[in-house]
1. Identify, by number, the condition in (1) in a helix (DSSP H, G or I); (2) within 22 Å of R359 (Cβ to Cβ); (3) of a type in the set (V, I, T) that V110 doesn't meet.
2. Out of the residues in the stretch 31-64 that are under 30 Å from D367 (Cα atoms) and open to solvent by 10 Å² or more (accessible area, probe 1.4 Å), state the one that is nearest to the chain's Cα centre (by Cα).
3. Would you mention how many residues in the stretch 111-134 are open to solvent by 80 Å² or more (accessible area, probe 1.4 Å), touching a helix residue (DSSP H, G or I) at 6+ places or on another chain (Cβ under 8 Å) and without any contact (Cβ under 8 Å) to a residue 40 or more places away in the chain?
4. Return the residues of the stretch 348-390 that are open to solvent by 20 Å² or more (accessible area, probe 1.4 Å) and part of a strand (DSSP E or B); say none if nothing qualifies.
5. All but one of (1) open to solvent by less than 10 Å² (accessible area, probe 1.4 Å); (2) of a type in the set (S, T, Y); (3) under 30 Å from V225 (Cβ atoms) hold for Y292, so report the exception by its number.
6. For the stretch 319-347, which residues satisfy the criterion of being part of a helix (DSSP H, G or I) and either touching a strand residue (DSSP E or B) at 6+ places or on another chain (Cβ under 9 Å) or open to solvent by less than 10 Å² (accessible area, probe 1.4 Å) (or both)?
7. With the requirement that a residue be more than 23 Å from L66 (Cβ to Cβ), in a helix (DSSP H, G or I) and open to solvent by less than 40 Å² (accessible area, probe 1.4 Å), what does the stretch 295-318 give you?
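The values are calculated or read from the model by the stated rules, or taken from the named source; none is laboratory data. Values in this document were obtained by computation on a predicted structure and should not be read as measured data. Here the Cβ positions follow ideal geometry from the backbone for every residue, glycine too, while neighbour counts run over all protein chains shown. Please note that ligands, DNA and RNA were not included when accessible areas were found on the heavy atoms of the full protein model with its side chains. Shrake-Rupley method; radii C 1.70, N 1.55, O 1.52, S 1.80 Å.
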Amino acid sequence: RPAPDGGHRPNLLLLVWDTTRAESLAPYGYGRDTTPGLSALAESSVVFERARSASRFTLTSHLSMLTGTYPSHHGARLTHQAVDEARTPSVAALLRDAGYRTGAFVGTAVLRARSGMRAGFDVYGDLVDPPVCDTAAWDLVHDLQLVLAQNVPGMRANGRPHLFQDYQRAAPDVLDEALDWIRDGGDGPWFCLVNMYDAHWPYLPEDAARARWVRPYGGPVDGYVFRSDRFPAGHRMTADDDAHLRDLYDAELAQLDAAVARFLEALDLDGSGTALVLTSDHGEAFGEGGEYGHEGVLEPQLRVPLLVRVPGGATPPGRRADPVSGVDVAPTLLRLAGLEPPAHVLGRDLLGEPFPDERALLVEDRDHLDRDDVRLALYRGDWKLLRLGARPEEATYQLFDLAEDPVGLADVAAEHPGRAEELRADLDALRGLWERGGDAGATAEDNAAALRALGYL
């Protein structure tokens, strides 16, 4: 570990595989070897088997990684895309103040600079579409396309009637830009965040990956799923439909794995003295409990990969089953740099002592246009308490025993009222550690088109 007295400090790389659920990866027990690069990386890393995202929305989850706080603490949400930098500073700003050069490169417009992600980064690469798409003239064209799409079936374009604008870019482009920035810098240490959006809806793998990983299927479902122009009205999803979606997703993960493997080979983690944290902002559902995508809080939508690798074998590789969260990313990066996390940070260093199994973790789903549509999940051991509603006095509660019900489908609160009440008190106590005022300020209005195009609205 680096010395806090100014000794050697590693470069820091945070790789986020957007929309990647742990159970679809070989290091987490998946039966298809779609990600051999990740499997090889896991052999030299600390692999956390019980990691969950802080939220199920891309922006708020990333901000929790960068601040070490839960969404209601850093304050961002779908309708308030801004962060109080004085209250919850980004790890990027803290590292920059400590002499790191900082760069971020993202694959989605949901993480555009003005969403609150820019804070602390010297360079922020968020150009995912041609520059003309960020002009007032294009806004008029875009609005006209939306009107036509609502009235002309041929203009619907599978829910994405935006001509050459799709609000995202492929991982190879993002990784190439990040690698150029890393190589073109000075001699000092750097911190680089890379977001790769490839596994997100729509599931459209390239032909080579499709040929290898997508099995024969004769049904009506394609990678655009319910927004597809060819999705039959009234069609009820079948097990074959769900399996086909998982195949398409697997193929996209295989493409992403290959791109990341090439990037890491070119970077040479040990030779460049780079510590790596690899994770995801949320998972994805493919029919579990009737859920698809990541609009809910089932376990496939919240359980994510999390690996930490320190250069030169300074931290022995292995597997850990203690409960961890996206809020633990920021303090881990700071500790690797020899810095103390600020007092407000609720996460803990992943490479420190193992967490107790009874550690309480929180997932906050507040990212809806309806401010009263709030779902909070508290984890302790194998128990999961779900609160439905923004105000405790009006909320309803559900309890899940994940040891018996790993997806989180069967509410057992009636059978375990004492446990439900205990976890309810834990939830109130945990969220009572911080207070957050109203959500006046910036909104998602200027980002609404991207959010709709990517399936969030």
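1. Looking at each condition in turn, V110 falls short on (2).
2. Within the stretch 31-64, the match that is nearest to the chain's Cα centre (by Cα) is R52.
3. 0
4. Within the stretch 348-390, A360, R375, R380, W383, L388 meet the criteria.
5. Tallying (1) open to solvent by less than 10 Å² (accessible area, probe 1.4 Å); (2) of a type in the set (S, T, Y); (3) under 30 Å from V225 (Cβ atoms), Y292 fails exactly one: (1).
6. Selection gives G326, V327, D328, V329, A330, P331, T332, L333, L334, L336.
7. E299, P300
Residue-wise test of (1) under 25 Å from P300 (Cβ atoms); (2) modelled with pLDDT under 95.
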residue: E394; (1), (2): no, yes
residue: Q398; (1), (2): yes, no
residue: D411; (1), (2): yes, no
residue: L423; (1), (2): yes, no
residue: L430; (1), (2): yes, yes
residue: G438; (1), (2): no, yes
residue: L454; (1), (2): yes, yes
